[in-house]
Amino acid sequence: MTAEVSTTEIPADLQETLNRARAAHVAMAQGDPEPLMRLWSRADDVTLFGAWGPCKRGWDELSRTFRWVATRFGGGEVRFEDVTVSVSGDIAYTVGYERGVVVVAGGQPGPMSIRVTHIYRREAGEWRLVHRHGDFAPVDESAGKLD
């Protein structure tokens, strides 16, 4: 499925952050959490609703979780499909998919498709991640049943 992207005017500094975030998620799939961790706010209100179950709040909990997630990955490739990118003042969000073939928990390479929402906030002139919600999409039971 190729998603059509709906966007608002994306400021250059936000686009640069989005590009760095994509590269950081690729690094995470290779087992390196540091590039992603550098993009996150250190505020107490940061949150993570992770695809593998962890729901955490606050930088201390998120940083431990990111390091744990990185240990689960053993390599692979990730590509991004943005469905929506929107910005209003000092808040921005992306909604889309992260898809690829990755090695998880020492297993064989296998497909991964995660629905993701990221929220960014401008802090001290820089865009920072403040929330991630990722999940494995369930089967769409509405297919062919809606008018």
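The values are calculated or read from the model by the stated rules, or taken from the named source; none is laboratory data. Just so it is clear, the structure is predicted and the values come from calculations on it, not from any experiment. Cβ sites come from the backbone with ideal geometry, for glycine too, and all protein chains shown count toward neighbours.
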Looking at the range 7-16, can you tell me whether even one residue there is in contact with a Ser or Thr (Cβ under 6 Å, 6 or more places away or on another chain) and either at pLDDT 95 or above or assigned to a loop (DSSP other than H, G, I, E, B) (or both)?
yes
Does the range 105-147 hold any residues that are over 25 Å from Leu39 (Cα atoms), part of a strand (DSSP E or B) and aliphatic (A, V, I, L, M), and which are they?
none
When you check Arg38 against the structure, is it more than 11 Å from the chain's Cα centre (by Cα), part of a strand (DSSP E or B) and basic (Lys, Arg), yes or no?
no
All conditions in (1) in a helix (DSSP H, G or I); (2) among the small types (Gly, Ala, Ser); (3) without any contact (Cβ under 8 Å) to a residue 24 or more places away in the chain are true of Gly53 except (1)
For the range 21-55, name all the residues that are at pLDDT below 95 and of a type in the set (Lys, Arg).
Arg22
Just name the residue that is surrounded by the most Cβ atoms within 10 Å (Cβ to Cβ) out of those in the range 20-66 that are over 27 Å from Gly125 (Cβ atoms) and small (Gly, Ala, Ser).
Ala29
Have a look at Val69, Val83, Val102 and point out the one that is β-branched (Val, Ile, Thr), assigned to a strand (DSSP E or B), surrounded by 18 or more Cβ atoms within 10 Å (Cβ to Cβ) and in contact (Cβ under 8 Å) with a residue 40 or more places away in the chain.
Val102
How about the range 81-110: which of its residues are in contact with a Leu (Cβ under 9 Å, 6 or more places away or on another chain) and not polar (S, T, N, Q)?
Asp82, Val85, Val87, Ala92
